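A.B. asks: Attaching a single structure in structure tokens format; questions to follow.
The values are calculated or read from the model by the stated rules, or taken from the named source; none is laboratory data. If you're wondering where the values come from, they're calculated on a predicted model, not measured in any experiment. No Cβ is skipped: glycine too gets one built from the backbone with ideal geometry, and neighbour counts run over all protein chains shown.
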DNA sequence: TATTAAATGAGAATGATTTTCAATTAGCTC
DNA sequence: GAGCTAATTGAAAATCATTCTCATTTAATA
């Protein structure tokens, strides 16, 4: 049992896992904590490192398994960088719409969803049924812009 | 020399390659043709298969190299599927905004860019400088919806 | 047609991700 | 709290995609 890292997201994760009859293992809660602590989107390796820092040696496969499961459960979101790199961030709602700094890979929220206000009519005219959308803005965050 | 597959996109590709002092090889033109022929976004493997069908044995590395170069040249766009899969489609403008059918992986254009009309002010208030954006809508195309 | 830099092919190397399976653990029940 | 059981983990092997290397070939130009 691990009580050291309780946070809203942790108890949320616990609840979701319980509902599905899945176990709230130390490793899974550590992944939640690492993701929650960071304001950045993290690569699988970074998450692995963070978890190892908390728990000591931890299998990489477990990290992959946890992340995949968390994505299915809607706890985390998987991001795709232009170079194909995989990143994960705590899910902040139903859709992915993040600003991602191409320098520090930091992830920033943006208040409204540009697609939300978009007129789907023209799209649906073509018979296409939109089920989900994925929006990422790329650029430089304030800090990185200054530093440059 | 290969004259069998001439199309607008082929001559465009030739031109871009020429401008950069790059060669319009049989393989590169075949990649253009395969992509142009298909209304779908294609995986690297599918493109490789298409090219092999046209030319016979062709190195996979060449396909990767060509696709990477074409992306740099703005000739093709790289798409990212929710499962992390890589896809390529002929570039239809400056930005990527496609509808992608999750069943057949077909790619459909959508007329306006939802992000274009988006008010960046709130984002830039946070000091973030938007340089590019990536929008993908996921759903079912008309055919797949019928078939289901 | 000769020249030459650019490009290709084949396979080796790399790196990321997934699988396997024996050992461990969380979440029950008593 | 101890015992039970299915779920989970760790470690290593296996797989898969992607990149690299370098000898050979080719496109573009003269």
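A.B. asks: May I ask you to list the residues in the stretch B:29-41 that are free of Cβ contacts under 8 Å to residues at least 60 places away in the same chain and within 22 Å of residue A:84 (Cα to Cα)? Full working, then the answer.
C.D. replies: Step one: list which residues in the stretch B:29-41 are free of Cβ contacts under 8 Å to residues at least 60 places away in the same chain, which gives B:29-38.
Answer for the stretch B:29-41, where residues must be free of Cβ contacts under 8 Å to residues at least 60 places away in the same chain and within 22 Å of residue A:84 (Cα to Cα): B:31, B:32, B:35.
A.B. asks: Restricting to the stretch A:13-23, name every residue that is crowded, with 18+ Cβ neighbours inside 10 Å and within 9 Å of DNA strand C (Cβ to nearest atom). So that I can check it myself, show each step before the final result.
C.D. replies: The initial filter retains those residues of the stretch A:13-23 that are crowded, with 18+ Cβ neighbours inside 10 Å, namely A:13, A:17.
Answer for the stretch A:13-23, where residues must be crowded, with 18+ Cβ neighbours inside 10 Å and within 9 Å of DNA strand C (Cβ to nearest atom): just A:17.
A.B. asks: Looking only at the stretch A:1-44, which residues are away from DNA strand D (no atom under 14 Å from the Cβ) and either modelled with pLDDT of 95 or more or under 13 Å from the mean Cα position of the chain (by Cα) (or both)?
C.D. replies: Listed by number, the residues that qualify are A:9, A:35, A:36, A:37, A:38, A:39, A:40, A:41, A:42, A:43.
A.B. asks: Follow-up question, since we're still on this one. Among residues belonging to the stretch A:31-47 that are out of contact with any strand residue (DSSP E or B) (no Cβ under 9 Å at 6 or more places or on another chain) and closer than 19 Å to residue A:10 by Cα, point out the one that is nearest to DNA strand C (Cβ to nearest atom). Explain how you work it out, then say what you get.
C.D. replies: We begin by selecting, within the stretch A:31-47, every residue out of contact with any strand residue (DSSP E or B) (no Cβ under 9 Å at 6 or more places or on another chain); these are A:33, A:37, A:45.
Then keep just the ones that are closer than 19 Å to residue A:10 by Cα; that gives A:33, A:37.
Numbers: A:33: 15, A:37: 21 Å.
The residue in question is A:33.
A.B. asks: Here is a further query. Can you confirm whether the stretch A:89-111 contains a residue that is under 23 Å from residue B:84 (Cα atoms), in contact with a helix residue (DSSP H, G or I) (Cβ under 7 Å, 6 or more places away or on another chain), surrounded by fewer than 17 Cβ atoms within 10 Å (Cβ to Cβ) and modelled with pLDDT of 70 or more?
C.D. replies: The answer is yes, given that some residue of the stretch A:89-111 is under 23 Å from residue B:84 (Cα atoms), in contact with a helix residue (DSSP H, G or I) (Cβ under 7 Å, 6 or more places away or on another chain), surrounded by fewer than 17 Cβ atoms within 10 Å (Cβ to Cβ) and modelled with pLDDT of 70 or more.
A.B. asks: Being part of a loop (DSSP other than H, G, I, E, B) and within 14 Å of chain A (Cβ to nearest Cβ) is the filter here; which residues of the stretch B:42-89 pass it?
C.D. replies: Filtering the stretch B:42-89 down to residues part of a loop (DSSP other than H, G, I, E, B) leaves B:43, B:56-59, B:73-75, B:81-85.
Result: B:43, B:74, B:81, B:82, B:83, B:84, B:85.
A.B. asks: Against the condition modelled with pLDDT of 95 or more and within 29 Å of residue B:81 (Cβ to Cβ), how does residue A:67 come out, does it pass? First the steps, then the outcome.
C.D. replies: On the way: modelled with pLDDT of 95 or more: yes; within 29 Å of residue B:81 (Cβ to Cβ): yes.
Against the criterion (modelled with pLDDT of 95 or more and within 29 Å of residue B:81 (Cβ to Cβ)), residue A:67 qualifies.
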